[in-house]
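Read-outs: derived from the displayed coordinates by stated rules, not from any lab. In this text, all values refer to a predicted model and were calculated from it rather than measured experimentally. Note that we place each Cβ from the backbone using ideal geometry, even for glycine, and neighbour counts take in every protein chain shown.
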Amino acid sequence: MEQQPEASLVLADDPRPMVRRLTLNRPDKRNALSNALRTELFRKLELADRDREVRVIVIRGAGECFSAGYDLSAEASRQRPPYHTAGGVGFWSRHVVEGVFRVWDLAKPVIAQVHGWCLAGGSELATACDLVYLSEDARIGYPPVRMMSPPDTQFHPWLCGMRSAMEQMLTGDALDAQEAVRVGFANRAFPPDRLEAEVLAIAERVAKIHPDVQQINKRSVHRAMEAMGMRTALRAGTEMQALATTTDASKETFARFKSGVRQALDARDRAFADYRTRRTPSGTDRA
């Protein structure tokens, strides 16, 4: 395994034989997916996929959550994207969908180990993985539907079914862990203190199968989904996302971000009294 840089945004370790674990390492920013972090993540995913000593990859987040989504700060927008995507209208949504399929198309199985918030782009990263296991404190949501647009990667109807997907799109409400498992977003949920051990136990079982066979096992499921149109549908969805950003409501939202991301997100959620604006018993805002 490669030497870790001092300020690495993605930590890599091998917690079990043949298991490579990648940890999103921006806990102070709730592991917001900046282009710098995404560049390091894709590089380390590809390194693991090429490594003959690795049979399965685990992605998790440091600190209090998996990931709160894409980094919406001005600084992040100036960072170079991790890979080239043709420019023009809808660049961003097309770019991140390409990223989902970069994970989807890896030969090695990828497991998402999710705790705490898993929102927006964070949920897209989790859905790109082959297996998803949740802590019982996990919350899965796509709140940008309240102010900006539908998802860059419209996975919801495919994984969760039409009715659950529609409810999530029309409210922006988050799923708790048990509901996320019930509707098909994730495989299972475990108590927080057992999540890591359970995920590593599953990773070890996956690693028992030789990669030559396992990559075909993985692709057989993907090909079935693609035959039903999933890849085409996700790519087509980028046009809907791009169209939504042309609305007055979406433009006003992006303008608010220039005055501060937190204030803009609070304005989005205050009427719903959830996410950052959820009230604790003491009456204070929950960070």
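Quickly run through the stretch 50-67 and pick out the residues that are assigned to a strand (DSSP E or B) and farther than 14 Å from Met18 by Cβ. Steps first, answer last, please.
Within the stretch 50-67, the subset assigned to a strand (DSSP E or B) is 56-61, 67.
Across the stretch 50-67, the qualifying residues are Ile59, Arg60, Gly61, Ser67.
Within the stretch 102-147, which residues are free of Cβ contacts under 8 Å to residues at least 40 places away in the same chain and in contact with a helix residue (DSSP H, G or I) (Cβ under 7 Å, 6 or more places away or on another chain)?
Within the stretch 102-147, Glu124, Ala128, Tyr142, Val145 meet the criteria.
Looking at the structure I just gave you, is Trp92 closer than 27 Å to Met228 by Cα, out of contact with any Asp or Glu (no Cβ under 6 Å at 6 or more places or on another chain) and surrounded by fewer than 20 Cβ atoms within 10 Å (Cβ to Cβ)? Write out each step before concluding.
Values: closer than 27 Å to Met228 by Cα: yes; out of contact with any Asp or Glu (no Cβ under 6 Å at 6 or more places or on another chain): yes; surrounded by fewer than 20 Cβ atoms within 10 Å (Cβ to Cβ): yes.
It is true that Trp92 is closer than 27 Å to Met228 by Cα, out of contact with any Asp or Glu (no Cβ under 6 Å at 6 or more places or on another chain) and surrounded by fewer than 20 Cβ atoms within 10 Å (Cβ to Cβ).
Take the residues in the stretch 122-138 that are over 11 Å from the mean Cα position of the chain (by Cα) and either buried (at least 24 other Cβ atoms within 10 Å of the Cβ) or not charged (D, E, K, R) (or both); name whichever of them is farthest from Asn25 (Cα to Cα).
Of the residues in the stretch 122-138, the ones over 11 Å from the mean Cα position of the chain (by Cα) are 130-131, 133-138.
If we keep only those that are either buried (at least 24 other Cβ atoms within 10 Å of the Cβ) or not charged (D, E, K, R) (or both) too, we end up with 131, 133-135, 138.
Values: Leu131: 21, Tyr133: 19, Leu134: 18, Ser135: 18, Ala138: 18 Å.
The extreme case among them is Leu131.
Going by the conditions given, is Asp105 of a type in the set (D, E, K, R), within 19 Å of the chain's Cα centre (by Cα) and closer than 28 Å to Asp274 by Cα? Talk me through it step by step, then tell me what you get.
On the way: of a type in the set (D, E, K, R): yes; within 19 Å of the chain's Cα centre (by Cα): yes; closer than 28 Å to Asp274 by Cα: no.
Against the criterion (of a type in the set (D, E, K, R), within 19 Å of the chain's Cα centre (by Cα) and closer than 28 Å to Asp274 by Cα), Asp105 does not qualify.
How many residues does the stretch 139-169 hold that are among the hydrophobic types (A, V, I, L, M, F, W, C), over 24 Å from Asp266 (Cα atoms) and within 16 Å of the chain's Cα centre (by Cα)?
Of the residues in the stretch 139-169, 4 are among the hydrophobic types (A, V, I, L, M, F, W, C), over 24 Å from Asp266 (Cα atoms) and within 16 Å of the chain's Cα centre (by Cα).
Given the options Ala174, Ala186, Ala197, name the one that is farther than 18 Å from Ala126 by Cα and either free of Cβ contacts under 8 Å to residues at least 12 places away in the same chain or crowded, with 18+ Cβ neighbours inside 10 Å (or both).
After ruling out the rest, the residue left standing is Ala197.
Kindly provide the set of residues from the stretch 49-63 that are surrounded by fewer than 24 Cβ atoms within 10 Å (Cβ to Cβ) and among the hydrophobic types (A, V, I, L, M, F, W, C), ordered by number.
Val54, Ala62
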